[in-house]
1. Which residue, of SER231, SER254, is open to solvent by less than 60 Å² (accessible area, probe 1.4 Å) and either more than 16 Å from the ligand (Cβ to nearest atom) or farther than 30 Å from GLU349 by Cα (or both)?
2. Out of LEU294, LEU363, report the one residue that is surrounded by 20 or more Cβ atoms within 10 Å (Cβ to Cβ) and at negative phi.
3. With respect to ARG86, is the statement that it is free of Cβ contacts under 8 Å to residues at least 40 places away in the same chain and closer than 22 Å to THR139 by Cβ true?
4. Go through segment 337-373 and give me each residue that's touching a strand residue (DSSP E or B) at 6+ places or on another chain (Cβ under 8 Å) and within 16 Å of VAL275 (Cα to Cα).
5. Among the residues of segment 10-27, count how many are open to solvent by less than 20 Å² (accessible area, probe 1.4 Å) and in contact with a strand residue (DSSP E or B) (Cβ under 9 Å, 6 or more places away or on another chain).
6. Could you tell me which of the residues ALA161, ALA100, ALA109, ALA79 is farther than 28 Å from CYS290 by Cβ, open to solvent by less than 30 Å² (accessible area, probe 1.4 Å) and either within 16 Å of the ligand (Cβ to nearest atom) or in a helix (DSSP H, G or I) (or both)?
7. Answer yes if at least one residue in segment 31-41 is under 30 Å from ALA8 (Cβ atoms) and either buried (at least 16 other Cβ atoms within 10 Å of the Cβ) or charged (D, E, K, R) (or both), and no otherwise.
8. Determine the pairs where a residue that is more than 14 Å from ALA330 (Cβ to Cβ), located within segment 93-110, has a partner that is assigned to a helix (DSSP H, G or I) and open to solvent by 20 Å² or more (accessible area, probe 1.4 Å) with Cβ atoms under 6 Å apart, the partner being 6 or more residues away or on another chain.
Amino acid sequence: MIYLDNAATTRVCPEAVSAAAEAMESGFGNPSSGYAAGREAAAALKTHRATLAAALGCAPEELCFTSCGTEGDNWAIRAAVEHGKRRGRHLITTAIEHAAVLEPMRDLARQGWEVTYLKPDRTGHVPVEELKAALRPDTVLVSMMLVNNELGTLQPVAEAAAAVKAFDRDILFHTDAVQAFLKVPFTPAGLGVDLLTISGHKVRAPKGIGAQYIRKGLKLRPMLYGGGQESGLRPGTEPTAQIAAFAAACSAWSGAWPEQIRRVKEYALEALSAVPGLVVVSPGDAPHICAVSLPGYPSEMLVRALSDRGICVSSGSACHRGKPSHVFAALGLPKGVLTGVLRISFSPENTFADADALRDALLQITRERVART
Ligand code: PLP
């Protein structure tokens, strides 16, 4: 199988598998237990939190483990709203966020909050000027993603956060960095954000683990109430195996990989220019994601035809139940381009040969179509 859908999820790396197995076998104690097995689990948890904090570039105390990116995004938005509800009822986000941000925003809109959706330009970047124009005295939260999951575009989060804080320091800024973590260089403090969400399964850790950065000094309402774990913010017995695996995946991640991944992506885009009619919708600023389109070939059909040839790419969020995604729709693409979109996303495991195989398969699919007509 040639797996080119790494923005959807990644293969779990061997280091993460071993770390999870060890945590489940010899390290199975409950970190809250007072005897040796519990104390060992608590010490391991502390080490893993420090590893993840170092990878993200924050203090260990600023990290709270969650179950996934969706949970982190939802929590950040709900907690920010709770935090600011006495100041106003206006929220700002972008039209190209993941559903994990858009759906809680829609829910809040149903409850009477006013939500402004910033539109991207034709290249998939949200202009900071749009944000500045949308800020109001009653704005309580801005949520802008760092890397878009369908286009790979990098959003101007640092500039946006600076503009928001210059307007009013009390407006909270959240960024969904699920697709950015370990792929593009950033730190939460460097971006100037209050809240930041990441997820393990995009970086070769298992599904079911994520983390939330909460800026030091920001007092948030807990997501849950219970036994006091995660500083009382998200109690529940810690998923020690997933946490161990997340930390192991971060330690195993090489700083050289983003450039390596970028070279494979650029090679792939070059190779795909041999496919008649193929257009590049977004080359992606992030190293691992790009979007192309074959007008006249519906995405779902292309995904199936490539799958028959052992290649996995996504129409994924690109085309949901026959409807083009909100992200591609927001770019104002012509209909033919919109319906033939494919997202191709890379990991350190991908090679130039994978890109050649994708080009050859698409060439074959287009030739077969010509032969039939
Ligand atoms: N945000 C973005 C940008 C994503 O790409 C995803 C997953 O595709 C999520 C949030 C949701 O993350 P999770 O699958 O961990 O819930």
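The values are calculated or read from the model by the stated rules, or taken from the named source; none is laboratory data. Everything quoted here is computed from the prediction, not taken from an experiment. FYI the Cβ positions are ideal-geometry reconstructions off the backbone, even for glycines, and counts take in every protein chain you see. Ligands, DNA and RNA are stripped out before the accessible areas are found, and what is left, the full protein with its side chains, is counted by its heavy atoms. Shrake-Rupley method; radii C 1.70, N 1.55, O 1.52, S 1.80 Å.
1. From the options SER231, SER254, the qualifying one is SER254.
2. Values: LEU363 fails: surrounded by 20 or more Cβ atoms within 10 Å (Cβ to Cβ).
So the residue among LEU294, LEU363 that is surrounded by 20 or more Cβ atoms within 10 Å (Cβ to Cβ) and at negative phi is LEU294.
3. yes
4. Listed by number, the residues that qualify are VAL337, GLY340, VAL341, LEU342, ARG343, ILE344, ASP354, ALA357, LEU358, ALA361.
5. Summing the residues that are open to solvent by less than 20 Å² (accessible area, probe 1.4 Å) and in contact with a strand residue (DSSP E or B) (Cβ under 9 Å, 6 or more places away or on another chain) in segment 10-27 gives 1.
6. ALA79
7. If we filter segment 31-41 for residues that are under 30 Å from ALA8 (Cβ atoms), which is where we start, we get none.
Looking for residues that are under 30 Å from ALA8 (Cβ atoms) and either buried (at least 16 other Cβ atoms within 10 Å of the Cβ) or charged (D, E, K, R) (or both), one finds none in segment 31-41, hence no.
8. ALA100/THR70; PRO104/ASN74
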